[in-house]
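J.: Below is a structure I'd like to ask you about.
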Amino acid sequence: MSEALYRKYRPHKFSEVIGQDHVVKVLEAEIKSGEISHAYLFAGTRGTGKTSVARIFASEIGTTPNDIYEIDSASNTSVDDIRALNESVFTLPFESKYKVYILDEVHMLSKSASNALLKTLEEPPAHVVFILATTETHKIPETVLSRCEVYTFKKPSQEVLKKMSVSIAKKEGFALDDSSAELIAILGDGSFRDTQGIIQKVLAYSKDSKISEEEVRLVTGSPSVELVHEIVSSIAEKNLAQGFQGVKKAVEKNIDMAVFLKLVLHTMRAVMLVRFGAGDLVQDDLSEKEYAFVGGLAKTDNPVFSSQTLVELLTAYERTTGAYIPQLPLELALVKIISEGE
């Protein structure tokens, strides 16, 4: 596996794009009708396929690689960079009907650079198509947004990521069992690219062609299901000593605390949703064993499974990365939820 999996399995045509039918169908219709806009904005979280779809769209409208220009806006943020781009757009394409400019992370442009880009977006040459990509739409000036066709890319569900994980592993000559694929999908956090990165590490680590859940946990620093359940149970039973003990076990096993909290949040959210009659939203994302655990806690109608509890855990998760004592944010959250919530 010398080639990165996210490059190897990147879609190269619209039929290979997963989970973005609402975007693909509209773009295909535009191509068929010949009504190509001069500017598009692809918005969505990282790893959802924005750049891949931009490349496919450019290719589908007949643009060759020589006439496709990809610009990292995070590295070319100045007004001078955009002025240079503005001058280049007036040069005719080498061999295509269109010149396509793909500007990634366009929200990183400075205010003056955005203003300079705006002038070209307002009246671009007929042979130019802009495709702007961003993870933070709210940082883009309204004047720029109003000149673009905006498409919002969805985060793939855990079921989609799970199926992709099994498929890629199989193509690489490995067997990924159900629980392993489920864990990889959870840790992929709604990103195709991040999920493929985890798969790559797991396959590289494996000693044979069968990937076990334990191997996934070792590679990713993930806790066992039992340890996650111990923390969740300590919250349900308002047993602070048990919660502290669970955190201590995680530290002793060198478990990544951010990953630990992510899985605790995953389970706590599931309990809350099942409790309030929305279990169908998470049933496909949980194993039979996990769903039984979640369902049992939800039946108790325990008020601790509330939005406020999730807020406390989310805050702890955000504070974990870079914390001087990695386990401290979770310990403080447990104190807040269990002791102060009484």
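J.: Given the structure, is residue 332 more than 14 Å from residue 225 (Cα to Cα) and of a type in the set (A, V, I, L, M, F, W, C)?
T.: Yes.
J.: Taking the condition at negative phi and surrounded by 23 or more Cβ atoms within 10 Å (Cβ to Cβ), does residue 268 pass?
T.: In short, yes.
J.: Okay, next question. I want to confirm something. Restricting to the stretch 32-51 and keeping residues that are of a type outside the set (S, T, N, Q) and not in a loop (DSSP other than H, G, I, E, B), which single residue is surrounded by the fewest Cβ atoms within 10 Å (Cβ to Cβ)?
T.: Let us first name the residues in the stretch 32-51 that are of a type outside the set (S, T, N, Q), namely 32, 34-36, 38-44, 46-47, 49-50.
Still in the running and not in a loop (DSSP other than H, G, I, E, B): 32, 39-43, 50.
Numbers: 32: 9, 39: 21, 40: 23, 41: 22, 42: 29, 43: 22, 50: 26.
The extreme case among them is 32.
J.: So, of the residues in the stretch 163-177 that are within 20 Å of the chain's Cα centre (by Cα) and without any contact (Cβ under 8 Å) to a residue 24 or more places away in the chain, which turns out to be surrounded by the most Cβ atoms within 10 Å (Cβ to Cβ)?
T.: It comes out as 166.
J.: Cβ contacts < 9 Å: first residue β-branched (Val, Ile, Thr), restricted to the stretch 113-129; second residue at pLDDT below 85 and outside any loop (DSSP other than H, G, I, E, B), any location; separation 6+ or different chain. Result?
T.: From the stretch 113-129, the pairs are 120/82; 120/85; 120/86.
J.: Within the stretch 107-116, does at least one residue satisfy the condition of being at positive phi, at pLDDT 85 or above and within 30 Å of the chain's Cα centre (by Cα)?
T.: Scanning the stretch 107-116, I find no residue that is at positive phi, at pLDDT 85 or above and within 30 Å of the chain's Cα centre (by Cα), so the answer is no.
J.: Which residues, taken from the stretch 311-339, are hydrophobic (A, V, I, L, M, F, W, C) and part of a helix (DSSP H, G or I)?
T.: If the condition is that a residue be hydrophobic (A, V, I, L, M, F, W, C) and part of a helix (DSSP H, G or I), then 311, 313, 314, 316, 328, 330, 332, 333, 334, 335, 337, 338 are the ones that fit.
J.: Let me ask something else. Exactly one condition in (1) modelled with pLDDT under 90; (2) farther than 18 Å from residue 179 by Cβ is not met by residue 311; state its number.
T.: The single condition residue 311 does not satisfy is (1).
J.: Determine whether residue 154 is in a loop (DSSP other than H, G, I, E, B), within 19 Å of residue 26 (Cβ to Cβ) and at pLDDT 90 or above.
T.: yes
J.: Regarding the stretch 90-105, can at least one residue be identified that is in a strand (DSSP E or B), touching a strand residue (DSSP E or B) at 6+ places or on another chain (Cβ under 6 Å), touching a residue at least 24 places away in the same chain (Cβ under 8 Å) and basic (Lys, Arg)?
T.: For the stretch 90-105, residues in a strand (DSSP E or B), touching a strand residue (DSSP E or B) at 6+ places or on another chain (Cβ under 6 Å), touching a residue at least 24 places away in the same chain (Cβ under 8 Å) and basic (Lys, Arg): present.
J.: List every residue pair whose Cβ atoms sit under 7 Å apart, with the two residues 6 or more apart in sequence or on different chains, where the first one lies in the stretch 190-218 and is farther than 19 Å from residue 266 by Cβ and the second, anywhere, is basic (Lys, Arg) and not in a helix (DSSP H, G or I).
T.: Once the first residue is farther than 19 Å from residue 266 by Cβ and sits in the stretch 190-218, its partners that are basic (Lys, Arg) and not in a helix (DSSP H, G or I) give 193/46.
J.: Against the conditions (1) assigned to a loop (DSSP other than H, G, I, E, B); (2) within 29 Å of the chain's Cα centre (by Cα); (3) over 30 Å from residue 187 (Cα atoms), where does residue 62 fall short? Just the number, please.
T.: Just one mismatch for residue 62, condition (2).
J.: Return the pair list, or none, for Cβ contacts closer than 8 Å from residues in the stretch 255-275 that are more than 17 Å from residue 298 (Cα to Cα) to residues that are assigned to a helix (DSSP H, G or I) and polar (S, T, N, Q), at least 6 apart or on different chains.
T.: 256/220; 257/320; 258/320; 259/220; 261/320
J.: Considering only residues that are touching a Ser or Thr at 6+ places or on another chain (Cβ under 9 Å) and charged (D, E, K, R), look in the stretch 61-82 and name the one that is surrounded by the most Cβ atoms within 10 Å (Cβ to Cβ).
T.: Going through the stretch 61-82, the residues touching a Ser or Thr at 6+ places or on another chain (Cβ under 9 Å) turn out to be 61-70, 73, 77-79, 81-82.
Subset that is charged (D, E, K, R): 67, 70, 81.
Working: 67: 20, 70: 15, 81: 18.
Filtering the stretch 61-82 for residues that are touching a Ser or Thr at 6+ places or on another chain (Cβ under 9 Å) and charged (D, E, K, R), the one surrounded by the most Cβ atoms within 10 Å (Cβ to Cβ) comes out as 67.
J.: Okay, moving on. Out of the residues in the stretch 115-136 meeting the condition of being touching a helix residue (DSSP H, G or I) at 6+ places or on another chain (Cβ under 6 Å), outside any loop (DSSP other than H, G, I, E, B) and of a type outside the set (Val, Ile, Thr), tell me which one is surrounded by the fewest Cβ atoms within 10 Å (Cβ to Cβ).
T.: Step one: of the stretch 115-136, the residues touching a helix residue (DSSP H, G or I) at 6+ places or on another chain (Cβ under 6 Å) are 116-118, 120, 131-134, 136.
This time we only want the ones that are outside any loop (DSSP other than H, G, I, E, B), so: 116-118, 120, 131-134.
Next, only the ones that are of a type outside the set (Val, Ile, Thr) stay: 116-118, 132-133.
Working: 116: 20, 117: 28, 118: 15, 132: 30, 133: 22.
Top of the filtered list is 118.
J.: Here is a list: 58, 29. Which entry is surrounded by fewer than 18 Cβ atoms within 10 Å (Cβ to Cβ), of a type in the set (A, V, I, L, M), modelled with pLDDT of 95 or more and on the phi < 0 side of the Ramachandran plot?
T.: It is 29.
J.: What tally of residues in the stretch 286-304 results from selecting those that are among the charged types (D, E, K, R), touching a residue at least 40 places away in the same chain (Cβ under 8 Å) and either part of a loop (DSSP other than H, G, I, E, B) or surrounded by fewer than 19 Cβ atoms within 10 Å (Cβ to Cβ) (or both)? Outline the logic, then answer.
T.: Restricting attention to the stretch 286-304, the residues satisfying the condition of being among the charged types (D, E, K, R) are 288-290, 299, 301.
From what's left, touching a residue at least 40 places away in the same chain (Cβ under 8 Å): 289-290.
Going one step further and asking which of them are either part of a loop (DSSP other than H, G, I, E, B) or surrounded by fewer than 19 Cβ atoms within 10 Å (Cβ to Cβ) (or both), we end up with 289.
Count: 1.
The values are calculated or read from the model by the stated rules, or taken from the named source; none is laboratory data. Fair warning: this is a prediction, and the values are worked out from it, not measured in the lab. All Cβ positions, even for glycine, are placed from backbone atoms using ideal geometry, and neighbour counts span all protein chains on display.
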